[in-house]
Amino acid sequence: MIRRTSPIRLGWALVAVLPLVFAGCDDETVNEPTAVAPLFVRYASLGNSLTAGIQSGGINDSTQLEAYPVLLADAMATDFTVPLLLSPGCPPPYVNIFTQERLGGGAAPPCALREAPIPTRINNLGIPGAEVVELFNYFDPGLVPSETDAFKTFLLGGLTPIQVAAAIKPTFVSIAIGSNDLLGAALDEANAGDPDRVTPPATFAERYDAMLDSLDAIGSLEGGVLIGVQPLQLSTGASVPYFSPGAAWQQFEVAYDAQLDAAITAATGGQITTLNTLDVAPACTTVFVPFPVGGAALGTANALAGMVFDSLAQGIVWIPTPFTLACTDETVIIAEEWVNLVTAAAAYNAHIQQVANDRDWAYFDPAPLFTQLAGTPGAFRPFPAFDPTDPQHETQPFGFALSRDGIHWSTLLHEQIAAGIADAINDQYGTSLSP
Amino acid sequence: MPRSLLGLAVLAVVGLVPASAAAQGFQVNEHGTCVMGRAGVGTPKPCGDGSAVFYNPAGIAGMTGGTVSLGVTGIYAYGGFTDDYTGETTDLENPLVPVPHAYFTYGITPKLTAGFGFFVPYGLGTKWPETFEGRFNGYDNDLRSMYFQPTLGFKINDVISVGAGFDFVLGSVELNQMLDLSEQPAPSPAPLGTSLGEVGIPFHTQFANAQITASHATGFGGNFGVLVTPTAGVSIGARYLTRVKLDYSGDAVFTQAPTGIVLPPANPFGAPAGTPLDTVIAQLGVFETVLADQGGDPSITMPDQISVGVAVSPVESFTIMAEWQWVHWSLFDTLKLDFEILPDKVIEENYANTNGFRFGLEWDAVRNMTFRGGYLYHQGAAPPETVTPLLPEGTRSEFTGGLGIHLTDRLVADLAYQYIRQNKRRGRVREPLPGTSPTVELNSGLYKFNAHLFGATLRFHF
């Protein structure tokens, strides 16, 4: 018996089949961020001017993209957005630290604008001049106004790095902070090395922990790397060249005097054989002289010498009173202050490392790299290249590891720092980052 | 009785809040629970509830006596936006939206029938949290177009009927969006043309809420239909609903919104450290000048529609129906906002015409009960570059089921359910830069949109 299919059954079957014919499943998908490991899909870097990418006393879209966080992000193959500043920069980097000439020359604006269109999110949260507390609080009463304060609005719109980080929900962070808790004192023009401007280690630790608590509150972190404060004193016992030992200035004075003596002898046909425009006081023997202080003294001495030779050209013999680099407590970092700075740096790093250990995060101590470089000729000059005839006078006045301002890392050092941080991350997380 | 009942009905439904997108674009097609149960197939074989006034005016021809029906479709749309980068999802906060409909028909002669309908064929309601990253495109939007349509249907002979209706359309719209401070001009000494974003204000920093409300826009259109019954058990219908252009006259109100920024030292505004940015903005006086309350006149065209369908009844109690619908969505290429003080704004939408395919069944399975079911598919109107919080629209599949219950000889209740599944679609949460057109490169996440619809109509024959 043949059973006929009911039209009613046929109709219902048709309606059941039609969705398969027409619709299918044509869903589009979320474009999730990618990286070499899930840990790195959203990476944020917090820190100061080293993180932001300042080199040679300036910052622009070139120096920003040479900074270690960008190199790390490249190795992570993760999206990483930087608040780029148009060339020549804000301020433009120095072309010559001694003449204070900056990129773009005198016609360049003192501060170029942010690159447009502005990014929809920011991953590099470095703020030049930032102390640890400023990663989460711009209004701590202990903060001293600084010309770098403008970056808080210019780079992050007045939001703290932690506030901006909250918007991107980072899975991984690098934090390099603490140098300015020391440098504020070291660079203080009213009293270099002022112990009152050094963030006490206990306070530093408290603020560092509070900063991390704020990061934890975002709720997205899966890991991180904490970066120690760079050493002020190299393993050789020398300081970084921005803070020249007074003894080095005393040695320099001898050579400088000899140069002037030779010059005045030649200029007067031997009638005058001695010219002294710079005295380095005995008090300098145990102190550290900030580059601007020494540079200003040398500048004055040079000016005096110039006046002497100008006078001679007019037939006038004029012997000036030499300018004295007095090395008073206010202008230089005396030994006790230096010890205080070095001790504080060690205490900061001890806490940072302890926190990293407690969290099972990576820790990178830059000291071994600095030690290694200290043994490499030309990396850190023992004394700035003041002499205009020095081949490195304009390009590497503080050595090839440092940019033209003597404090911020050179492009090469950023690369080596990035490699060192990557090694620390790889050791902790079993990854294979290779910047 | 009919007149007073109709009056009450209109008063009741005008107070309700239409509507939400339940078909292509911001079209709504659920204007009769009977038709809704069969996936919206109403052109080739209109239901006897008077909804033919909307679905095919020819369908009222030949109706004897009078019919009054009142109904509502409750639309509960849900979904959200998942950000590509953070993976975070923001959910829509759409409430259950009632979309009313009401019809009246009366057979004047065996061949001539008069009717009147009230329905809302175009409506839009999207409500996002005020913290949603797409709030700069729009976070609380409501558009409604109420059609009032007197109609005549005429049965030329036993094979052909025709019908026509005149549409009086009453429209209203409300758009809410946040304004982005980073796009505003920077004060001196920044060079002319510099935006605040270029001096550091972060992308999508809200500083003002813009609300445009407009109501009482009026427009006129027509609805025309033909119904052919070549043989017993077979009917073919076609219908054309004309476009209606609505020019709204509205108000734009700007209110200050908190930026959440407290200015640090050395800020470009020269304000002391600790000054809220909101204070600086308030002192600029923008809310008394360029952002003062002003006229804001949107202009939107409700597109025309063509529907053609066929219904076949292989047995008397069972009907299979299919319908094709074309909607002229390419008319919605821009959303124009004319301001009294601010420069006029043109938002590119670039919608494309859409095709919808509907398949329905109706089965008088037992005495006094009719079962309905259906499936419909339609294309999305929004192109990939204009899928936005205003209307995250896309290709949809919809499944329907319905039940008609003859409570008495004169009273019928229809119930229906419809599930809308829209394909997940990539979209954006930001506007293109001024002077540029939107592109898919701006898309930064995935929109998900589904809806449950519940329909109920009560019809009374007299």
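The values are calculated or read from the model by the stated rules, or taken from the named source; none is laboratory data. Note that the structure is predicted; figures quoted are calculated from it, not measured. Quick reminder, even Gly has a Cβ in these numbers, built from the backbone with ideal geometry, and neighbours come from all protein chains shown.
Things to note:
- Residue A:203 among the hydroxyl-bearing types (Ser, Thr, Tyr) and within 21 Å of the chain's Cα centre (by Cα): no
- Extreme residue, nearest to the other protein chains (Cβ to nearest Cβ), among residues of region A:100-134 that are assigned to a helix (DSSP H, G or I) and of a type outside the set (A, V, I, L, M): A:134
- Of all residues in region A:364-385, exactly one satisfies the criterion of being at pLDDT 95 or above and aromatic (Phe, Trp, Tyr), namely A:364.
- Residue count for region A:77-102, restricted to those that are of a type in the set (A, V, I, L, M, F, W, C) and farther than 15 Å from residue A:64 by Cα: 4
- Residue count, region A:27-55 (criterion: in a helix (DSSP H, G or I), within 18 Å of residue A:65 (Cβ to Cβ) and in contact with a Ser or Thr (Cβ under 6 Å, 6 or more places away or on another chain)): 1
- Only strands (runs of 3 or more DSSP E) whose full extent lies in region B:217-273 are considered here, and the ones with at least 1 residues that are closer than 30 Å to residue A:139 by Cα and touching a strand residue (DSSP E or B) at 6+ places or on another chain (Cβ under 9 Å) are B:250-256.
- Inter-residue pairs, beta-carbon under 6 Å, first crowded, with 17+ Cβ neighbours inside 10 Å and in region B:399-416, second of a type in the set (Lys, Arg), 6+ apart: B:402/B:372; B:412/B:459
- Screening the candidates B:388, B:370, B:334 for the property of being hydroxyl-bearing (Ser, Thr, Tyr) and within 14 Å of another protein chain (Cβ to nearest Cβ) yields one hit, B:370.
- The helices (runs of 4 or more DSSP H) found wholly in region A:135-232 and carrying at least 2 residues that are without any contact (Cβ under 8 Å) to a residue 60 or more places away in the chain and closer than 30 Å to residue B:82 by Cβ occupy A:161-168, A:201-218.
- Those residues of region B:170-210 which are farther than 23 Å from residue B:276 by Cβ and under 27 Å from the mean Cα position of the chain (by Cα), in sequence order: B:170, B:171, B:172, B:173, B:174, B:175, B:176
- Condition check for residue B:351: among the aromatic types (Phe, Trp, Tyr) and either over 24 Å from the mean Cα position of the chain (by Cα) or surrounded by fewer than 21 Cβ atoms within 10 Å (Cβ to Cβ) (or both): no
- If you go through region A:349-379 and keep only what is among the hydrophobic types (A, V, I, L, M, F, W, C), buried (at least 20 other Cβ atoms within 10 Å of the Cβ) and in contact with a strand residue (DSSP E or B) (Cβ under 7 Å, 6 or more places away or on another chain), you end up with A:352, A:356, A:361, A:362, A:364.
- If only residues of region B:373-385 that are more than 8 Å from every other protein chain (Cβ to nearest Cβ) and assigned to a strand (DSSP E or B) are counted, the one that is surrounded by the fewest Cβ atoms within 10 Å (Cβ to Cβ) is B:378.
- Subset tally (residues that are surrounded by 21 or more Cβ atoms within 10 Å (Cβ to Cβ) and either at pLDDT below 95 or in contact with a Ser or Thr (Cβ under 8 Å, 6 or more places away or on another chain) (or both)) for region A:400-426: 11
- Residue match in region A:314-332 (condition: within 19 Å of residue A:233 (Cβ to Cβ), out of contact with any helix residue (DSSP H, G or I) (no Cβ under 9 Å at 6 or more places or on another chain) and crowded, with 21+ Cβ neighbours inside 10 Å): no
- Scanning region B:150-166 for residues being touching a residue at least 60 places away in the same chain (Cβ under 8 Å) and either surrounded by fewer than 24 Cβ atoms within 10 Å (Cβ to Cβ) or assigned to a loop (DSSP other than H, G, I, E, B) (or both) gives a total of 8.
- Residue identified as crowded, with 22+ Cβ neighbours inside 10 Å and facing chain B (nearest Cβ under 8 Å) among A:158, A:178: A:158
- Within region A:189-210, if we keep just the residues that are surrounded by 19 or more Cβ atoms within 10 Å (Cβ to Cβ) and modelled with pLDDT under 90, the residue that is nearest to residue A:425 (Cα to Cα) turns out to be A:193.
- Residues considered: B:360, B:394. Of these, the only one that is assigned to a loop (DSSP other than H, G, I, E, B), at the interface with another protein chain (Cβ under 9 Å from one of its Cβ atoms) and surrounded by 23 or more Cβ atoms within 10 Å (Cβ to Cβ) is B:394.
- Residue B:256 being modelled with pLDDT of 95 or more, under 27 Å from residue A:83 (Cβ atoms) and more than 14 Å from chain A (Cβ to nearest Cβ): yes
- Of the criteria (1) of a type in the set (A, V, I, L, M, F, W, C); (2) touching a residue at least 24 places away in the same chain (Cβ under 8 Å); (3) buried (at least 16 other Cβ atoms within 10 Å of the Cβ); (4) under 30 Å from residue B:200 (Cβ atoms), which one residue B:318 fails: (4)
- Residue list for region B:75-97, restricted to those being surrounded by fewer than 18 Cβ atoms within 10 Å (Cβ to Cβ) and away from chain A (no Cβ under 14 Å): B:76, B:78, B:91, B:93, B:95, B:96
- Residues in region B:185-229 that are within 14 Å of chain A (Cβ to nearest Cβ), of a type in the set (A, V, I, L, M, F, W, C) and over 16 Å from residue B:261 (Cβ atoms): B:190, B:192.
- Residue within region B:109-125 that is under 30 Å from residue B:260 (Cα atoms) and in contact with a Ser or Thr (Cβ under 8 Å, 6 or more places away or on another chain) present: yes
- Which listed residue, of A:240, A:229, is touching a Leu at 6+ places or on another chain (Cβ under 9 Å) and at pLDDT 95 or above: A:229
- Residue that is surrounded by the fewest Cβ atoms within 10 Å (Cβ to Cβ) [pool: residues in region B:223-272 that are touching a residue at least 60 places away in the same chain (Cβ under 8 Å) and charged (D, E, K, R)]: B:243
- Count - residues of region A:26-65 that are under 28 Å from residue A:400 (Cα atoms), of a type outside the set (Gly, Ala, Ser) and within 14 Å of another protein chain (Cβ to nearest Cβ): 2
- Residue match in region B:298-313 (condition: touching a Lys or Arg at 6+ places or on another chain (Cβ under 9 Å) and within 12 Å of chain A (Cβ to nearest Cβ)): yes
- Residue B:111 being out of contact with any Lys or Arg (no Cβ under 6 Å at 6 or more places or on another chain) and among the basic types (Lys, Arg): no
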